[in-house]
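First up is the structure itself, then whatever we jot down about it.
The values are calculated or read from the model by the stated rules, or taken from the named source; none is laboratory data. If you're wondering where the values come from, they're calculated on a predicted model, not measured in any experiment. Ideal geometry is used to build each Cβ from the backbone, glycine not excepted, and the neighbour counts take in all protein chains shown. Side chains are part of the model used for accessible areas, which takes the heavy atoms of the whole protein and leaves out ligands, DNA and RNA. Shrake-Rupley method; radii C 1.70, N 1.55, O 1.52, S 1.80 Å.
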Amino acid sequence: MTVLSFVSVKRLGTLINAIDKVEQTYGIIAQLDRLEVAIKDIDRFERGYMITRDSNYIRLLAEPHAKLIPITDKLKTMTNGTPEQYNNVILLRSYVVSRLTNLKHNLNFSDTAATEKVPVHFYEGRISMQQCMDFIQKMKRIEQVHLAEYHKNKLLYQQLTVSNIRYLYFGFGALALLLLVLMINSLRKRIRYQEELQIKLIDLRRSHNELEQIAFAASHDLQEPLRKIQIFLNRLLLLWQKKDLVDADSKTLMERINNAAGRMQELIEDLADLTSLVSEQGDPETSDLNTIVQQTVNELKKKVKDKNADIRLSQLPVVQGYPAQLQLLFKALLDNALKFSHEDIPPLITVTTSKVDGAELVEINQALTGRTFYRISITDNGIGFNNKFMHKMFLLFQRLHNQQSMYEGKGAGLAIAQRVMANHSGYILAHGHPNAGATFKLYFPTEH
């Protein structure tokens, strides 16, 4: 289509050029006709004056006399692109000048001489006039040949241009029809994909509802048997102790069963918390992180006191979010910092904030570079971790320490933290060194 359009434009330019040449040829012929008429008028008025000596003929001579030189000048301009005709105009101009000179001499002689004899200048003027007329006819014949050629070319290029435009029209019509068919096919595919997506969305919602039902059962139905196990186990232990039927090994075994049930109950609670984060939370609201973090510290007050921990808070921003989720977020991170601390060193936890651009998140998504975030850093002096295990940290029930470790972690806290940040269109990064503490960085978008 591009080639066809280019050819059509070129053909149109050629047609316009041919039309211009035809019009120029008509213009040259028209100027030659004007020149011929003016020369004939000069001859007629000259003879009339010589016969009658009427001064009105002198006045009539002025108009054609004034036209001759400007007409030849215009002919020179119009024939500038045709060397043959341009040379003819130069010769024609010389004959016109000679005719005007003879006219002047003839009129002067007729005014001053007392004889009726025809002056020689009159005959010379007749010869100059005839030369002018011969050259005018010669130039007309040449222009007639040019006109026939140009007119033939004009008709040819006109036909070719019309054909090209017709081909272009049908070509664009076929292309538009093809694009319409492709668009309809694409639209049908999109409708089909949307229908499939709608089916998958319905399945996803059904799965989500089932997950919520499981979470509800985990937080209510499954916890009740665990509580009863712990209660009945404690009563059985007291009963056996009263009857002096329990030895040290049995008591240890029962305590381990009780602790395992307690851990199971905590895991179920964490799973219920994580599952609840997937459900609809309503519209976000203005949340002061200073208040939320302070409430979280108060909730962990017993652990803080037992660990003799020092928690230092700086001024935190106000964000748009869900307060209950944000409290879960900071509880998980502060609880982690308290759990994974050294036995002989009191925990030191600092919470700081700053405003940064998205360059720090370029490894996650390069499109974040132009955005700004509130970065909240939670740093501790605990046991830290090896950065090569970072990819496991935020997975559910993944622990960097084995089950026999002295540290209590269940592997759900960081998964909850990551889910909360995702619900707030934010990001969480972690960095640590073994036995040298860890830092968790929370990135909240400033425009969210």
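So how many residues does region 315-348 have that are part of a strand (DSSP E or B) and out of contact with any Ser or Thr (no Cβ under 7 Å at 6 or more places or on another chain)? Don't jump to the end; show me each part of the working.
Let us first name the residues in region 315-348 that are part of a strand (DSSP E or B), namely 318-321, 348.
In the following step, the residues that additionally are out of contact with any Ser or Thr (no Cβ under 7 Å at 6 or more places or on another chain) were identified as 348.
The total comes to 1.
With the condition kept exactly as written, say whether any residue in region 322-329 is open to solvent by 40 Å² or more (accessible area, probe 1.4 Å) and either aromatic (F, W, Y) or more than 51 Å from the chain's Cα centre (by Cα) (or both). Yes, region 322-329 contains at least one residue that is open to solvent by 40 Å² or more (accessible area, probe 1.4 Å) and either aromatic (F, W, Y) or more than 51 Å from the chain's Cα centre (by Cα) (or both).
Of all residues in region 281-314, those being over 18 Å from L329 (Cβ atoms), touching a helix residue (DSSP H, G or I) at 6+ places or on another chain (Cβ under 9 Å) and in a loop (DSSP other than H, G, I, E, B) number 1.
Let's see how each residue does on (1) modelled with pLDDT under 80; (2) touching a helix residue (DSSP H, G or I) at 6+ places or on another chain (Cβ under 9 Å); (3) within 26 Å of K152 (Cβ to Cβ):
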site: G27; (1), (2), (3): no, yes, yes
site: T79; (1), (2), (3): no, yes, yes
site: E84; (1), (2), (3): no, yes, yes
site: E116; (1), (2), (3): yes, no, no
site: Q131; (1), (2), (3): no, yes, no
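Kindly check whether there is at least one residue in region 244-257 that is within 30 Å of R419 (Cβ to Cβ) and either surrounded by 12 or more Cβ atoms within 10 Å (Cβ to Cβ) or at pLDDT below 70 (or both). No. Against the numbered list (1) touching a Ser or Thr at 6+ places or on another chain (Cβ under 7 Å); (2) surrounded by fewer than 20 Cβ atoms within 10 Å (Cβ to Cβ); (3) touching a residue at least 24 places away in the same chain (Cβ under 8 Å), V297 comes up short only at (1).
Looking only at region 370-383, decide whether some residue is part of a helix (DSSP H, G or I), in contact (Cβ under 8 Å) with a residue 40 or more places away in the chain, buried (at least 16 other Cβ atoms within 10 Å of the Cβ) and within 45 Å of the chain's Cα centre (by Cα). Don't jump to the end; show me each part of the working.
Here is the first cut: in region 370-383, the residues part of a helix (DSSP H, G or I) are 370.
Still in the list and also in contact (Cβ under 8 Å) with a residue 40 or more places away in the chain: none.
No, that holds for no residue.
Just one residue in the set D283, D306 is open to solvent by 50 Å² or more (accessible area, probe 1.4 Å), within 24 Å of D380 (Cα to Cα) and at pLDDT below 90; that residue is D306. Does L175 satisfy being within 30 Å of L12 (Cβ to Cβ) and either out of contact with any helix residue (DSSP H, G or I) (no Cβ under 6 Å at 6 or more places or on another chain) or open to solvent by less than 80 Å² (accessible area, probe 1.4 Å) (or both)? Answer is yes for this residue. In region 423-437, the count of residues that are in contact (Cβ under 8 Å) with a residue 24 or more places away in the chain, out of contact with any helix residue (DSSP H, G or I) (no Cβ under 9 Å at 6 or more places or on another chain) and hydrophobic (A, V, I, L, M, F, W, C) is one or more. Among the residues making up region 349-362, those that are touching a helix residue (DSSP H, G or I) at 6+ places or on another chain (Cβ under 9 Å), assigned to a strand (DSSP E or B) and buried (at least 16 other Cβ atoms within 10 Å of the Cβ) are I349, V351, T353.
Restricting to region 137-153, give me the number of residues that are surrounded by 20 or more Cβ atoms within 10 Å (Cβ to Cβ) and either under 15 Å from A38 (Cβ atoms) or in contact with a Leu (Cβ under 8 Å, 6 or more places away or on another chain) (or both). Looking only at that region, the number is 2.
State all residues of region 15-57 that are touching a Ser or Thr at 6+ places or on another chain (Cβ under 8 Å) and either surrounded by 16 or more Cβ atoms within 10 Å (Cβ to Cβ) or over 21 Å from R99 (Cα atoms) (or both); if no residue qualifies, say none. Give the steps one after another, and end with the answer.
Here is the first cut: in region 15-57, the residues touching a Ser or Thr at 6+ places or on another chain (Cβ under 8 Å) are 15, 28, 35, 49-50, 53.
Result: L15, I28, L35, Y49, M50.
In this entry, K10 passes the filter for residues that are open to solvent by 80 Å² or more (accessible area, probe 1.4 Å), of a type outside the set (V, I, T), assigned to a helix (DSSP H, G or I) and at pLDDT below 85.
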